[in-house]
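Please treat every number below as a calculation from the coordinates, not as lab data. This one's a predicted model, so the numbers in the text were calculated from it and none came from an experiment. We place every Cβ from the backbone using ideal geometry, glycine too, and count neighbours over all the protein chains shown.
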Amino acid sequence: MEFDTVKEKLLHLCKQNEIFQLDDLEVSIDEDLMDAGAIDSMAVITLNCLVEENFSLQIPPEVMAIELRTIRDLIQYIAENS
């Protein structure tokens, strides 16, 4: 799947499901979401469920928590694995 296609769909899903703690996503796609306070541990679980439902991709929790810390990381992972 193309990076831009994944990006558009993922950001729409995040906004629709109020994944991010900030009113507007005030972080760049390269900023660590946890460090920026844009996402908490419950939102990570919800986000992982959305990825599974909408991209037919299961991401192991340890990969989600440790390796996919930025929006770009997540988009790239989905694009390469779905």
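So the values come out like this:
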item: Computed magnitude of the charge dipole of the chain (debye, nearest 20; Cβ of K, R +1, Cβ of D, E -1); result: 220 debye
item: Hull-based mean projected area of the range 2-82, where the convex hull spans the alpha carbons, in square nanometres; result: 4.6 nm²
item: Peptides 53-60, 37-44 ordered by average Cβ neighbours within 10 Å, highest first; result: 37-44, 53-60
item: 13 Å beta-carbon shell around Gln76, net charge (K/R +1, D/E -1); result: -3
item: Unit charges at the beta carbon, dipole of the range 3-81: most positive-side option, Ser28, Ser56, His12; result: Ser56
item: The chain, helix-only ellipticity at 222 nm - DSSP H runs n ≥ 4, -39,500 (n - 2.57), divided by all residues, nearest 500; result: -17000 deg cm²/dmol
item: Summed residue charge, Cβ within 13 Å of Pro60's Cβ, Lys/Arg positive, Asp/Glu negative; result: -3
